[in-house]
2 protein chains.
Amino acid sequence: MVNRSDTKTRILDAAEKLFAERGFSETSLRLITSKAEVNLASVNYHFGSKKELIRAVLARYLDVFMPAASSEIVSLQSSNKDASLNDIFSTLVKPLLDLNQLRSEGTRTFLQLLGRGYIESHGHLMWFITTHYGDHLTQFVKAVVDSAPHIPPAEMFWRLHFTLGTVVFTMASADALTEIAAADFGEHNDIEAVIRKVIPYISAGVAVPVTA
Amino acid sequence: MVNRSDTKTRILDAAEKLFAERGFSETSLRLITSKAEVNLASVNYHFGSKKELIRAVLARYLDVFMPAASSEIVSLQSSNKDASLNDIFSTLVKPLLDLNQLRSEGTRTFLQLLGRGYIESHGHLMWFITTHYGDHLTQFVKAVVDSAPHIPPAEMFWRLHFTLGTVVFTMASADALTEIAAADFGEHNDIEAVIRKVIPYISAGVAVPVTA
DNA sequence: GTTTAATTTAAACGAGTGTTTAAAATAGAG
DNA sequence: CTCTATTTTAAACACTCGTTTAAATTAAAC
């Protein structure tokens, strides 16, 4: 018989993998509970509903990542007052990769969850993040704005949303893309390679001079 | 009683709007047929299955857009042998905006459908596009690769997908973003203005030198 | 006008969904 | 051990889904 005390953890572990791979609405509670080897009703017993399970899955990552990212930005700003955009975006790499120590494939799972959530939640995920982690978020945006003073605020608004789209879309389809890249170019990229590929791209886009 | 001869068109019109707004799997045939004011079974009668309806919705746009984009690229290359990345991407603006003449909100609908399809179809959309419009696609990719010869093909693969994410995500949330931009910065942008903002961003990202 | 083909319609099918219930099993406290 | 509270379990509920069927209706052919 299954050790009772870790039923919640077994559900979260199975759910986050399936959510990241297949999306939220495409993942049934029966699939989650069968993979977690727990009873179907235990999800509603421990989490109340599927929606609250989704929030719990996201919060388990965000509670680790957001403070870690904040701390990295603070230490960058204290050591380098003229940090480049590349530096700013690069500070996120370590907190992201540290998620692999938290759980196997943690980085890829977290980014895919973010992408899925952003696309599927009709803005609810953004609301969830801004209300729960708003201070960390504005701190990061301010660091970006300060390091690209030649971009007017209105233009920067658009470019940061372009960047969000790049990251979210790429991560949501990261599995399919890495498969194609392996088949067509013999490249075997892990999630870290993709992250390091996207940073120069978004840095260049955000910083490119505004054409008249 | 409804004019029989346009049942297929009524279904396609209702389906593409709902698919773009809510995604494919989140849109039921009952919702489509009720909005189209046709009988539920007529979808299976005219299209065979939901999957084939999705393909028909996409094909109706791709059949117009792909040849138009190809023709624009050909005429650019014949008039300018050293076209910049900005020029290449800018050739897509007219074919995209012309979709608004095809159907109301055609441009945004098409881009949203592309995004939904890429995310939901587990690579099936990419197979569909490459097998049905492969020539147009490789022609465009070749034009991009030729105008940025310092980027290796494998790297370009990733950057073009970053670009796809940027465009698709931006257009999907263009309504909300233009509203926020108007409220926060007094900017009043239509779809065309957003497209023209994004082109310098993606051109810079695609062309940025690869770091060792 | 009659006959044939194409289309529309209402109804049902079988499978899958999240959630709830009440009984059974287990764990912890006295 | 006994009693209580927590947790697990099997079963059912109410609902939605894509699809199919067969009859009714409309359109086309002769």
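The values are calculated or read from the model by the stated rules, or taken from the named source; none is laboratory data. Not measured: the values here are computed from a predicted model. Cβ: placed from backbone, ideal geometry, glycine included. Neighbour counts: every protein chain shown. We work out accessible area using only protein heavy atoms, side chains counted, and drop any ligands, DNA or RNA first. Shrake-Rupley method; radii C 1.70, N 1.55, O 1.52, S 1.80 Å.
Quick look at the numbers
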item	result
Which listed residue, of A:VAL198, A:VAL208, is facing chain B (nearest Cβ under 8 Å) and in contact with a Pro (Cβ under 6 Å, 6 or more places away or on another chain)	A:VAL208
Residues (within 10 Å of DNA strand D (Cβ to nearest atom) and part of a helix (DSSP H, G or I)) located in the stretch B:23-47	B:LEU29, B:ARG30, B:LEU31, B:ILE32, B:THR33, B:SER34, B:SER42, B:VAL43, B:ASN44, B:TYR45, B:PHE47
Of the criteria (1) in a helix (DSSP H, G or I); (2) in contact (Cβ under 8 Å) with a residue 12 or more places away in the chain, which one B:THR9 fails	(2)
So B:ASP98, is it surrounded by fewer than 13 Cβ atoms within 10 Å (Cβ to Cβ), within 30 Å of A:GLY205 (Cα to Cα) and touching a Ser or Thr at 6+ places or on another chain (Cβ under 9 Å)	no
Hits in the stretch B:122-136 (condition: more than 9 Å from every other protein chain (Cβ to nearest Cβ) and open to solvent by 30 Å² or more (accessible area, probe 1.4 Å))	B:HIS124, B:TRP127, B:THR130, B:THR131, B:HIS132, B:ASP135, B:HIS136
Residue in the stretch B:173-189 that is buried (at least 19 other Cβ atoms within 10 Å of the Cβ), under 20 Å from the mean Cα position of the chain (by Cα), more than 11 Å from chain A (Cβ to nearest Cβ) and in contact (Cβ under 8 Å) with a residue 24 or more places away in the chain present	no
Extreme residue, farthest from DNA strand C (Cβ to nearest atom), among residues of the stretch B:34-58 that are over 27 Å from B:LEU111 (Cβ atoms) and open to solvent by less than 80 Å² (accessible area, probe 1.4 Å)	B:ASN44
Some residue of the stretch B:90-101 being within 14 Å of the chain's Cα centre (by Cα), within 14 Å of chain A (Cβ to nearest Cβ) and more than 16 Å from DNA strand C (Cβ to nearest atom)	no
Lone unmet requirement of (1) within 11 Å of chain A (Cβ to nearest Cβ); (2) surrounded by 18 or more Cβ atoms within 10 Å (Cβ to Cβ); (3) more than 30 Å from B:LYS50 (Cβ to Cβ) for B:PRO153	(2)
Failed criterion for B:ARG103 (all others in (1) on the phi > 0 side of the Ramachandran plot; (2) open to solvent by 30 Å² or more (accessible area, probe 1.4 Å); (3) in contact (Cβ under 8 Å) with a residue 24 or more places away in the chain hold)	(1)
Condition broken by A:GLN77, with the remaining ones in (1) crowded, with 18+ Cβ neighbours inside 10 Å; (2) more than 30 Å from B:THR27 (Cα to Cα); (3) within 16 Å of DNA strand D (Cβ to nearest atom) satisfied	(3)
Options A:ARG4, A:ARG22; residue that is surrounded by fewer than 20 Cβ atoms within 10 Å (Cβ to Cβ), at pLDDT below 95 and closer than 30 Å to B:THR27 by Cβ	A:ARG22
Top-ranked residue of the stretch A:1-57 - restricted to ones that are of a type in the set (Phe, Trp, Tyr) and within 30 Å of A:SER173 (Cβ to Cβ), ranked as nearest to the other protein chains (Cβ to nearest Cβ)	A:PHE24
Among (1) surrounded by 20 or more Cβ atoms within 10 Å (Cβ to Cβ); (2) closer than 19 Å to B:ARG60 by Cβ - the single one B:THR170 does not satisfy	(2)
Pairs, first acidic (Asp, Glu) in the stretch A:82-96, second open to solvent by less than 50 Å² (accessible area, probe 1.4 Å), C-beta under 7 Å, six or more apart	A:ASP87/A:LEU76
Residue check, A:ALA14 near DNA strand D (Cβ under 9 Å from one of its atoms), of a type in the set (A, V, I, L, M, F, W, C), at pLDDT 95 or above and over 16 Å from the mean Cα position of the chain (by Cα)	no
Boolean, B:PHE162 is farther than 23 Å from A:SER173 by Cα and within 12 Å of chain A (Cβ to nearest Cβ)	no
